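Reading through the structure tokens given below for one structure.
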Amino acid sequence: MKEEQNPWTTLNRNQVYESPWIGVEHHEVLNPAGNPGTYSVVRFKKLAIGIVPLDEDNNTWIVGQYRYPLHTYTWEIPEGGGDLDVDPVESAKRELLEECGIIAEEYIPIQQLQLSNSATDEVAHLFVARKLTYTQAQPEENEQLRIRKVPFEELYRLVKEGFVTDSLTVAAVLKLKLMMLEGQL
């Protein structure tokens, strides 16, 4: 697909908030029509990482936790943040061990995503993990997790029927199902 030229002109940029995880910028711009306007951008300081661990019987593990921004409890694949200067596979290994106590010999990239490209620069890397061994989970102090082993087809059904709505989980499960149907896994 042909890449187009940037039709926006940035007149000035101001950092209005910063934390260890994000920065928020206010931009004065000329929009594509040439008119003045503003744009707010959230800059993420971590990659989003998601992993679908699959055992030899096509069982997987999902993690339940309360998500503060939405004030709701969700079920999702093991996921978390990875440093921008670290190979995403290394971050995936850490997250899977931390959240589920699983070590995988094989990590297969299945998708890269722009999570909300109209307002953020957050990028996600999704993997399927194979050849699993098991140990003790090591959650961070800000994580109160429930871990559940489910057949992959059950997770697919939960996604398809709208019970699981986490974006990384939905994308990873649907992409993995397509790969399975096409004989790529």
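The values are calculated or read from the model by the stated rules, or taken from the named source; none is laboratory data. Quick caveat: nothing in here was measured; it's all calculated off a predicted structure. Here Cβ is always computed from backbone atoms with ideal geometry, including for glycine, and neighbour counts include all displayed protein chains. Surface accessibility is based on the protein's heavy atoms, side chains included, excluding ligands, DNA and RNA. Shrake-Rupley method; radii C 1.70, N 1.55, O 1.52, S 1.80 Å.
Is there any pair linking a residue in segment 50-62 that is farther than 14 Å from E154 by Cβ and modelled with pLDDT of 95 or more to one that is open to solvent by 10 Å² or more (accessible area, probe 1.4 Å) and part of a loop (DSSP other than H, G, I, E, B), with Cβ under 9 Å and at least six apart or on different chains, and which?
G50/D166
Which residue pairs have Cβ atoms closer than 8 Å, lie 6 or more positions apart in sequence or on different chains, and pair a first residue in segment 1-18 that is on the phi < 0 side of the Ramachandran plot with a second residue that is surrounded by 10 or more Cβ atoms within 10 Å (Cβ to Cβ) and aromatic (F, W, Y)?
Between residues of segment 1-18 that are on the phi < 0 side of the Ramachandran plot and residues that are surrounded by 10 or more Cβ atoms within 10 Å (Cβ to Cβ) and aromatic (F, W, Y), the close pairs are W8/Y39.
For segment 8-66, which residues satisfy the criterion of being β-branched (V, I, T) and surrounded by 14 or more Cβ atoms within 10 Å (Cβ to Cβ)? Break it down into steps so the answer makes sense when it comes.
First pass over segment 8-66, keeping only residues β-branched (V, I, T): 9-10, 16, 22, 24, 29, 38, 41-42, 49, 51-52, 60, 62-63.
Matches in segment 8-66: I22, V24, V29, V41, V42, I49, I51, V52, T60, I62, V63.
Please tell me if V42 is part of a loop (DSSP other than H, G, I, E, B) and under 30 Å from N14 (Cα atoms).
So V42 does not fit the description; no.
When you scan segment 32-47, do you find a residue that is of a type in the set (F, W, Y), closer than 24 Å to E141 by Cβ and touching a Cys at 6+ places or on another chain (Cβ under 8 Å), even just one?
No, there is no match, as no residue in segment 32-47 is of a type in the set (F, W, Y), closer than 24 Å to E141 by Cβ and touching a Cys at 6+ places or on another chain (Cβ under 8 Å).
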